[in-house]
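Colleague: Dropping the structure in here first, questions after.
Rule-based calculations on the coordinates, nothing more; no lab input. Every value quoted in this text rests on a predicted model; they were computed, and no experiment measured them. Here the Cβ is made from the backbone with ideal geometry for all residues, glycine too, and neighbour counts use every protein chain on show.
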Amino acid sequence: MNSNIVRIFVVTAIALPMATLAQTGSAAAAATTPAPSAPATTTAQVAGTYKIGVISIQDAILATNDGQKEFDALSKKFEPKRTEIKSLNDEIDSLKKQLDAQGTKLNDDSRGTLVRQIETKQKTLTRTQEDAQNDFVGQQNEIAQKILQKMGPVIDKYAKDNGLSLIIDVSKPWPDGPVLWAGQSVDITRPIVELYNHQSGVPAAPSASRPMGSSRPVGTGTKSTAPATKPPSTDSPK
């Protein structure tokens, strides 16, 4: 399906209860400026007790069985609206071609009438796109927030079970996101998705075979220019 409307989610950092950012900052400071009374090895040992994980919340939400089911249903729901927008766009293209082909042969009144038709339909198209887009993004946000709320306890439990002190969202790549580089060994996206699916009990869709990070929910756009939207935000799990 065509999509040029939305990209969801904003990068968030998830600070977990067992360790605060202040504690992490203290460890980093200790690593660079050891206390006079402590041997150098002590600093490394203290810093080594802090384990950090990274997760793409965006990909995790989309990869869950819940996410695939909900976003696919939302896409199908907006199919009639996409068809309506495409039809309007085709009508405008047809009128423009007519104006280009017959422009020199038309009198001023006929030409003016054709121009006004194009302008009127263009305004209708723009208004229809904006309304559909806002509606789509709003419902998309509701789905994402609902899944994120259920994912929060899963992340919290995984972090505690695995001794993590901090988890950082890497949905946006650097330099837009906070992480320049992270190894696969600290990426917990897939384990979180698997735990979430197991806990939710929602079966995978028969056709669900999306690798994480390879797909996004589709919007209501057509080949015509769709107004830009701000990415909906996802708050950190409580």
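Colleague: If neighbour count is taken as other Cβ atoms inside 10 Å, put Ser56, Ser75, Ser110 in order from fewest to most. Write out the running numbers ahead of the final one.
Modeller: Details: Ser56 25, Ser75 18, Ser110 12.
Ascending Cβ contact count within 10 Å gives the list Ser110, Ser75, Ser56.
Colleague: Would you please give the residues with an amide H less than 5 Å from that of Val170, counting only those at least 5 places away or on a separate chain, with H modeled from the backbone geometry?
Modeller: Ile55, Ser56, Ile57
Colleague: Straight-line reach from Lys146: which lysines have a Cα under 30 Å away, not including same-chain ones fewer than 8 places off?
Modeller: By straight Cα distance, Lys146 reaches Lys51, Lys69, Lys76, Lys77, Lys81, Lys157, Lys160, Lys172, Lys230, Lys238.
Colleague: Output wanted: per-residue J couplings in Hz (rounded whole) for the stretch 164-180, from phi through Karplus 6.51 cos²θ - 1.76 cosθ + 1.60, θ = phi - 60°, x for Gly and Pro.
Modeller: In residue order, the calculated couplings are 7, 9, 8, 10, 10, 7, 10, 4, 9, x, 5, x, 6, x, x, 10, 6 Hz.
Colleague: Can you tell me the FRET efficiency between Val202 and Gln145 if r is taken as the Cβ-Cβ distance and R0 is 25 Å, rounded to the nearest 0.05?
Modeller: Working: r = 17 Å, r/R0 = 0.68.
Once rounded, the FRET efficiency stands at 0.90.
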